[in-house]
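Asker: Let me give you the structure first, and then I'll get to my questions.
The values are calculated or read from the model by the stated rules, or taken from the named source; none is laboratory data. Every value quoted in this text rests on a predicted model; they were computed, and no experiment measured them. Here Cβ is always computed from backbone atoms with ideal geometry, including for glycine, and neighbour counts include all displayed protein chains. Calculation scope for accessible area: heavy atoms of the full protein, side chains included, ligands and nucleic acids excluded. Shrake-Rupley method; radii C 1.70, N 1.55, O 1.52, S 1.80 Å.
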Amino acid sequence: MIYEPKEDSYLLQKVVKKLVKGKSFLDMGAASGIQSIAALKAGAKSVLAADIQKDVINLLKDRNISIIQ
């Protein structure tokens, strides 16, 4: 089961969009990848997601997001 974003995820997403341009971004416990996607769209220099769930790993690989377990 992959954690679906809730209101706290969307609040964090707004902050990520403001602060990440030109910077490296690490998304720990990436789940749906909402923060990684926001960072990529906002111009992060690099994005790396991390999660322990195989379903998440596969989902984010399908979305072309660099991820480690």
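Asker: Give the range 1-14 a look and list any residue that's open to solvent by 100 Å² or more (accessible area, probe 1.4 Å) and of a type in the set (A, V, I, L, M, F, W, C), or say none.
Answerer: Across the range 1-14, the qualifying residues are M1, L11.
Asker: Out of all the residues in the range 45-69, which are under 11 Å from the mean Cα position of the chain (by Cα) and open to solvent by less than 50 Å² (accessible area, probe 1.4 Å)?
Answerer: Of everything in the range 45-69, those that are under 11 Å from the mean Cα position of the chain (by Cα) and open to solvent by less than 50 Å² (accessible area, probe 1.4 Å) turn out to be V47, A49, A50, D51, V56, L60, I65, I67.
Asker: Please find, among A30, A44, A49, A39, the residue that is touching a helix residue (DSSP H, G or I) at 6+ places or on another chain (Cβ under 7 Å) and more than 17 Å from Y3 (Cβ to Cβ).
Answerer: Going through A30, A44, A49, A39 in turn, the sole match is A39.
Asker: Sort out which residues of the range 22-34 are more than 11 Å from S9 (Cβ to Cβ) and polar (S, T, N, Q), and write them in order of number.
Answerer: Matches in the range 22-34: S24 only.
Asker: Please name all residue pairs, on different chains or six or more residues apart, with Cβ atoms under 7 Å, provided the first residue is in the range 1-19 and is within 16 Å of G43 (Cα to Cα) and the second residue is β-branched (V, I, T).
Answerer: From residues that are within 16 Å of G43 (Cα to Cα), the pairs are Q13/I34.
Asker: Here is a list: K17, K21. Which entry is out of contact with any Leu (no Cβ under 6 Å at 6 or more places or on another chain), open to solvent by 30 Å² or more (accessible area, probe 1.4 Å) and in a loop (DSSP other than H, G, I, E, B)?
Answerer: Within the list K17, K21, the selection yields K21.
Asker: Now, a different point. Does A30 satisfy the condition of being part of a loop (DSSP other than H, G, I, E, B), in contact with an Asp or Glu (Cβ under 7 Å, 6 or more places away or on another chain), open to solvent by less than 40 Å² (accessible area, probe 1.4 Å) and modelled with pLDDT of 95 or more?
Answerer: Spelling it out, A30 is indeed part of a loop (DSSP other than H, G, I, E, B), in contact with an Asp or Glu (Cβ under 7 Å, 6 or more places away or on another chain), open to solvent by less than 40 Å² (accessible area, probe 1.4 Å) and modelled with pLDDT of 95 or more.
Asker: Mind counting the residues in the range 35-44 that are surrounded by fewer than 19 Cβ atoms within 10 Å (Cβ to Cβ) and closer than 15 Å to Y10 by Cα?
Answerer: 2
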